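Below is one structure, written out as structure tokens; the observations come after it.
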Amino acid sequence: MSARERSNALRERMAYEAARIMIEQGLSDFDRARRKAAARTGIADRRLWPTNEAVHEAVLMQRRLFRGDEHSRALRALREAALEAMRAFAEFRPRLTGAVLEGSADAGAVVELLLFAEHPEAVLFTLLDQGIPWHEGERSLRHANGQRRAYPSFGFMAGDTPFELIVLPVQARRDPPIDPISERPNPGADLAEVERLL
């Protein structure tokens with residue numbers, strides 16, 4: 001086996017292990033999963049560590065292999081719940097993002113929606129008007145210029161499905177956050193795009 005083939009084999013092995021850790025422990029942090037996988041596999045050389053995209057692909061593959069129809073049903077239910085919430089918050093031009101959009105979400109995953117408003121209080125008033133109990137938080141997102149910004153978020157449960165509404169200023173539609181998997185700006189999917197996914 002050549003040095004290149006050996007490196008690729010180690011990278012694949014670690015991607016598989018990191019994906020297994022993410023699934024078993026419910027992690028969403030790729031770097032943390034890689035560090036744990038490195039400890040388990042003994043691969044300390046960071047040059048041999050897989051990319052976020054490689055780990056994500058391994059997660060999708062493992063879910064398809066080991067959970068098949070169960071995973072497909074859970075993902076569809078989450079996307080249907082996302083669509084319903086997107087209609088309820090349509091005035092804020094919601095965009096689906098995260099694991100539910102990417103296809104790696106399993107039952108119980110958080111549905112992440114980006115909402116755009118001049119003032120976060122507008123989202124809060126909509127939650128109050130609809131009688132939705134919520135809790136307030138904050139979400140830090142990175143943008144293309146490398147800057148990390150904190151945004152208000154509102155979490156709530158719809159049946160057994162957890163939601164997180166991340167409220168960005170209206171002008172952020174032109175400067176979407178960086179996707180942690182691809183490391184590129186990701187505007188998410190609008191209502192019509194989510195409908196097409198279903």
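At-a-glance table
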| quantity | calculated |
| --- | --- |
| Residue-averaged 222 nm ellipticity for the chain, from DSSP H runs of 4+ at -39500 (n - 2.57), nearest 500 | -15500 deg cm²/dmol |
| Net charge of neighbours whose Cβ lies under 12 Å from the Cβ of residue 97, counting Lys and Arg as +1 and Asp and Glu as -1 | -4 |
| Separation of the residue 67 and residue 107 label points, Cα + 7 Å toward Cβ, nm | 1.0 |
| Length added when fully stretched, residue 91-residue 53, from 0.36 nm per residue minus Cα-Cα | 10.4 nm |
| Antiparallel DSSP beta bridges within region 47-198, percent to nearest 5 | 75 |
| Region 150-198 and region 49-94: distance between their alpha carbon centers, rounded to Å | 13 |
| Tilt relative to the chain, helix 3-25 - C-alpha long axis, 0 to 90 degrees, to 10 | 40 |
| Full-extension gain in nm, residue 149 to residue 125, via 0.36 nm per residue minus C-alpha separation | 6.3 nm |
| Cβ charges +1 (Lys, Arg) and -1 (Asp, Glu), total dipole of the chain, debye | 1020 |
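Every number in this text was worked out from the coordinates using simple rules, so none of it is lab data. Note that the coordinates shown come from a computational prediction; the quantities given were computed from them, not determined experimentally. Here Cβ is always computed from backbone atoms with ideal geometry, including for glycine, and neighbour counts include all displayed protein chains.
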